[in-house]
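The values are calculated or read from the model by the stated rules, or taken from the named source; none is laboratory data. All figures in this text were calculated on a predicted structure; none of them were measured in a lab. Here the Cβ positions follow ideal geometry from the backbone for every residue, glycine too, while neighbour counts run over all protein chains shown. Accessible surface areas use protein heavy atoms only, side chains included; no ligands, DNA or RNA. Shrake-Rupley method; radii C 1.70, N 1.55, O 1.52, S 1.80 Å.
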Amino acid sequence: SGDKFLLVAMNATDLSGGVDDYGYTAGEAVSAYEFFSDTENTEVDFVLMGGSMGSENDTLAKAQKVVAIAALRKDCLAFVSPHKGNQISYSGSALSSADQRANTLNFFNSITSTSYAVLDSGYKYMYDRFNDKYRYIPCNGDVAGLCVNVSTTIADWISPAGLNRGGIRNLIKLAFNPNKADRDELYQ
């Protein structure tokens, strides 16, 4: 066919002595986020909390660090979801709506208030095609994605909410789907 391929031989490197460890502590997470505190050498628009830690206190420490970075920098937004146990029981079933609302409010009341943080109220149930099972994941990445989409397609100052712009993708259901009264209370 006339196509030529360039093959590059790479030196093999022995990576012995490492540890296969996907678990990390709240202290390790907080320390890793410290990288984003440097406004001179690190450019960032969105700082995502990601998933919950094993305990509510550890999740709160992680959330507070993300919010503190955005509030300190004043040039980015933090996206935070509540602790998974506040929304879903450890058996995998949803808690009552009243418990979910109260738990979410208590969690977010412990976080410093700032206009540089977006606090969402949910976990979505979705299919994990890589592990062939369904699981709950936090929505902070989805909410950040909605902001990026609206900024890219419309304008930065337009809200990423509503029926046309605020749809979270790839979800089967929400762990906590707040009604109007819940939303009014959560919004405060």
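Data overview
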{"item": "Selected residue (only one of F79, F107 is out of contact with any Ser or Thr (no Cβ under 9 Å at 6 or more places or on another chain) and under 30 Å from D184 (Cβ atoms))", "result": "F79"}
{"item": "Sole residue being out of contact with any Gly (no Cβ under 6 Å at 6 or more places or on another chain) and among the aromatic types (F, W, Y), chosen from F176, F79", "result": "F79"}
{"item": "Inter-residue pairs, beta-carbon under 8 Å, first under 16 Å from N57 (Cα atoms) and part of a helix (DSSP H, G or I) and in segment 15-29, second open to solvent by 90 Å² or more (accessible area, probe 1.4 Å) and modelled with pLDDT of 80 or more, 6+ apart", "result": "A26/N57"}
{"item": "Residues satisfying the stated conditions in segment 30-68, i.e. charged (D, E, K, R) and either closer than 21 Å to R101 by Cβ or assigned to a loop (DSSP other than H, G, I, E, B) (or both)", "result": "D38, E40, E43, D45, E56"}
{"item": "Total residues in segment 112-136, condition under 16 Å from K84 (Cβ atoms) and under 17 Å from the mean Cα position of the chain (by Cα)", "result": "11"}
{"item": "Selection count where residues are within 14 Å of G122 (Cα to Cα) and of a type in the set (V, I, T), scope segment 134-188", "result": "4"}
